[in-house]
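*Asks:* Quick one: the structure is below, and I'll ask about it shortly.
The values are calculated or read from the model by the stated rules, or taken from the named source; none is laboratory data. If you're wondering where the values come from, they're calculated on a predicted model, not measured in any experiment. A quick note on method: Cβ atoms are made from the backbone with ideal geometry, for glycine too, and the neighbour counts reach across all protein chains shown. In case anyone asks, the SASA skips ligands and DNA or RNA and just uses the protein heavy atoms, side chains included. Shrake-Rupley method; radii C 1.70, N 1.55, O 1.52, S 1.80 Å.
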Amino acid sequence: MRMRKEFDVVVVGGGTAGAIAAIAAARTGARTLVIEQYGTIGGVLTLGQSVLGAADNEGYLALGGIGGELFERLAANDGGTRTSIDSLLGSITGQDPEALKLTLLDMAAESGVNFLLHSFVVDVLKDGERICAVTVANKAGLEIIPGRTFVDCSGDADLVARAGGQFTKGRPLDAATQPVSAIFRLGSVDVGATLDYLEANPHDICDAEGFSGSKHTIEHLRSTPAAQIVGFNTLISQARAAGEWDVPVEWLTVYTLPGRSEVGINATRVHGIDGTDPDDLTRAEIETQRQVAQVTRFLRKYVPGFERARLLASSYQVGIRETRHIEGGYTLTADDVLAGSDFEDQIGRGAYPLDIHDVKPGTLVMNRSVEGTGITYYSLPRSYGIPARCLMPVGFDNLLVAGRSISATHEAAGSIRGQAVCMVTGHAAGTLAALSSRLDKAPTDIGTSALQSTLREQGAIIERVSEHRIEARTAVSSSGPA
């Protein structure tokens, strides 16, 4: 079995949080390796959906630092838009997934990140509460990779679980998790014709359960760069009655970019999937791919502007909203999220809406009965602080976690899973891991002021202050809690 030289920081998972964590660690001076199971980095961020939660819906930025730099680079090269305020969705930032993928790779390479792609972590070597190395499987067989500090950005807290750490899965009642979906992209779409249809049929702009009767105006959809179109309820009802729609959702989402005929589509859903179970994952992949075909047929037949639509890209893997939540030094709650709470040890801010897709039909979500086809959705007027303690799993001396598996309740996870928030926690975890390695201290022993000072130097947004407020570019009808 081959053993590699020791790295200062080993990041497990090169998705949204992991890519940013690796860049942060390398820029903070650590010899950094990112281990990724696919052939590129960025994860579900590269599937083509618009990014929500870069700012709260009062216009205060929450995403700065490396994530903010990524989108600035994209906007400067016609690969995305700058953030617009959206009082239904909070905020919206458009991106071209191929441009994003290559830009993120450039940023990582420029920062000195070392890559190990097409590799899975299959085991952990420990000495007490300290992780000494991970074992990976790849084309070469098994390899041992030693490290001084590790960052679990697997999305499923795989490293924590393999090392015997403490976690919960899904909601406490029954371990049920949010359903899974697969984003896909279509080309040859006449977005203008679609908007013309919605202007003549405003009832088909979403006022679905979960949005409390709020909806976008057609003026907003026409004027907002990268407007996110949510609706087509009536057309879906017609297709369902005709036996041409059996996906358990009542509307769909279209992600747009200015002047483009390519769009992203979010319309698939499968319930009852454990994202850590390979049999469940296999079933989810098959069901969502078949739903992609059904939704494409529906769009071409029923929705004006999609008559000539062609499938450009399907998801490289099904999108998992929720699996494990680590037990950390603090557990973020829905009350923290909705109140825009601040914490003495906060390392960044979250502004992605509290967005909980119905975990199953006939159950309660946030004390409201759901049918299984909707969401419970609260946009956030005020961003919230994310404590460093949420990134520190109990029982370890040299392990951090970033992304959707940080320490949070099932409800709060509806916000921290957002891509913008994953970039925030990834930046903080990577920086903290580098400081831990350099100073030869456990992450818990790195002073809050030292960590926050370093993050601010790197452009991260720690406090909600006027200098981080952006001009509101759009206006939509008011929204309220579900």
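*Asks:* What are the pairs with Cβ atoms under 6 angstrom where one residue, in region 288-310, is at negative phi and of a type in the set (Ser, Thr, Tyr) and the other, located anywhere, is surrounded by 19 or more Cβ atoms within 10 Å (Cβ to Cβ) and part of a helix (DSSP H, G or I)? Sequence gap at least six, or different chains.
*Replies:* Cβ pairs passing all conditions: TYR302/LEU235; TYR302/ALA239.
*Asks:* Follow-up question, since we're still on this one. Does ARG382 satisfy being farther than 18 Å from ARG269 by Cα and among the charged types (D, E, K, R)?
*Replies:* Yes.
*Asks:* Quick check on my filter: what residues within region 361-390 are open to solvent by 50 Å² or more (accessible area, probe 1.4 Å), at pLDDT below 90 and charged (D, E, K, R)?
*Replies:* Matches in region 361-390: GLU371 only.
*Asks:* Please pick out the residue among THR46, THR16 that is in contact with a Pro (Cβ under 8 Å, 6 or more places away or on another chain), over 16 Å from LEU435 (Cβ atoms) and β-branched (Val, Ile, Thr).
*Replies:* That would be THR46, the only listed residue that is in contact with a Pro (Cβ under 8 Å, 6 or more places away or on another chain), over 16 Å from LEU435 (Cβ atoms) and β-branched (Val, Ile, Thr).
*Asks:* Further question on the same structure: Pairs under 8 Å by beta carbon, first residue more than 11 Å from TYR377 (Cβ to Cβ) and in contact (Cβ under 8 Å) with a residue 12 or more places away in the chain in region 351-364, partner open to solvent by less than 10 Å² (accessible area, probe 1.4 Å) and acidic (Asp, Glu), six or more apart or different chains?
*Replies:* Final answer for the pair search is ALA351/ASP56.
*Asks:* Return the pairs, sorted by first residue and then second, in which the second residue is in a helix (DSSP H, G or I) and among the polar types (S, T, N, Q), the first residue lies in region 331-346 and is at pLDDT 95 or above, the beta carbons are less than 7 Å apart, and the residues are 6+ apart or on different chains.
*Replies:* That search, which allows pairs on different chains as well, returns VAL337/SER415; GLU344/THR448; ASP345/THR448.
*Asks:* Within region 219-240, restricting attention to residues that are without any contact (Cβ under 8 Å) to a residue 40 or more places away in the chain and open to solvent by 20 Å² or more (accessible area, probe 1.4 Å), which residue is nearest to TYR378 (Cα to Cα)?
*Replies:* ASN233
*Asks:* Is it the case that region 438-446 has a residue that's surrounded by 24 or more Cβ atoms within 10 Å (Cβ to Cβ) and of a type in the set (Gly, Ala, Ser)?
*Replies:* No, region 438-446 contains no residue that is surrounded by 24 or more Cβ atoms within 10 Å (Cβ to Cβ) and of a type in the set (Gly, Ala, Ser).
*Asks:* Right, another one. State whether the residues of region 143-165 include one that is part of a strand (DSSP E or B), open to solvent by 20 Å² or more (accessible area, probe 1.4 Å) and more than 25 Å from ILE23 (Cα to Cα).
*Replies:* No, that holds for no residue.
*Asks:* Moving on to the next point. Residue check: is GLU344 part of a loop (DSSP other than H, G, I, E, B), more than 16 Å from the chain's Cα centre (by Cα) and acidic (Asp, Glu)?
*Replies:* Yes: the conditions hold for GLU344.
*Asks:* So VAL295 fits all but one of (1) among the β-branched types (Val, Ile, Thr); (2) modelled with pLDDT of 95 or more; (3) within 30 Å of VAL401 (Cα to Cα); what number is the exception?
*Replies:* Here VAL295 clears every test but (3).
*Asks:* Just need a number here: residues in region 53-63 that are buried (at least 24 other Cβ atoms within 10 Å of the Cβ) and either farther than 29 Å from VAL263 by Cβ or in contact with a helix residue (DSSP H, G or I) (Cβ under 9 Å, 6 or more places away or on another chain) (or both).
*Replies:* Within region 53-63, residues that are buried (at least 24 other Cβ atoms within 10 Å of the Cβ) and either farther than 29 Å from VAL263 by Cβ or in contact with a helix residue (DSSP H, G or I) (Cβ under 9 Å, 6 or more places away or on another chain) (or both) number 6.
*Asks:* Additional query: Which residue pairs have Cβ atoms under 6 Å apart, sit 6 or more places apart or on different chains, and have a first residue in region 117-142 that is in contact (Cβ under 8 Å) with a residue 24 or more places away in the chain and among the basic types (Lys, Arg) and a second that is surrounded by 15 or more Cβ atoms within 10 Å (Cβ to Cβ) and assigned to a strand (DSSP E or B)?
*Replies:* none
*Asks:* Of the residues GLY68, GLY48, GLY79, GLY18, only one is within 27 Å of SER261 (Cβ to Cβ), touching a residue at least 12 places away in the same chain (Cβ under 8 Å), touching a Gly at 6+ places or on another chain (Cβ under 7 Å) and surrounded by 20 or more Cβ atoms within 10 Å (Cβ to Cβ); which? Before you say what the answer is, go through the steps one by one.
*Replies:* On the way: GLY68 fails: within 27 Å of SER261 (Cβ to Cβ); GLY79 fails: touching a Gly at 6+ places or on another chain (Cβ under 7 Å); GLY18 fails: within 27 Å of SER261 (Cβ to Cβ).
Only one candidate passes the filter, namely GLY48.
*Asks:* Is it true that GLY43 is touching a residue at least 24 places away in the same chain (Cβ under 8 Å) and either buried (at least 24 other Cβ atoms within 10 Å of the Cβ) or of a type in the set (A, V, I, L, M, F, W, C) (or both)?
*Replies:* Numbers: touching a residue at least 24 places away in the same chain (Cβ under 8 Å): yes; either buried (at least 24 other Cβ atoms within 10 Å of the Cβ) or of a type in the set (A, V, I, L, M, F, W, C) (or both): yes.
Yes; evaluated as a whole, the condition is true for this residue.
*Asks:* Could you please give the count of residues in region 322-345 that are within 12 Å of SER415 (Cβ to Cβ) and crowded, with 19+ Cβ neighbours inside 10 Å?
*Replies:* 7
*Asks:* Given the structure, is GLU69 of a type in the set (D, E, K, R) and touching a Lys or Arg at 6+ places or on another chain (Cβ under 8 Å)?
*Replies:* no
*Asks:* What number of residues within region 392-406 satisfy the criterion of being within 16 Å of the chain's Cα centre (by Cα) and open to solvent by less than 10 Å² (accessible area, probe 1.4 Å)?
*Replies:* Within region 392-406, the first condition is being within 16 Å of the chain's Cα centre (by Cα), and the residues that meet it are 401-406.
Next, from what is left, pick out any that are open to solvent by less than 10 Å² (accessible area, probe 1.4 Å): 401-403, 405-406.
Selection size over region 392-406: 5.
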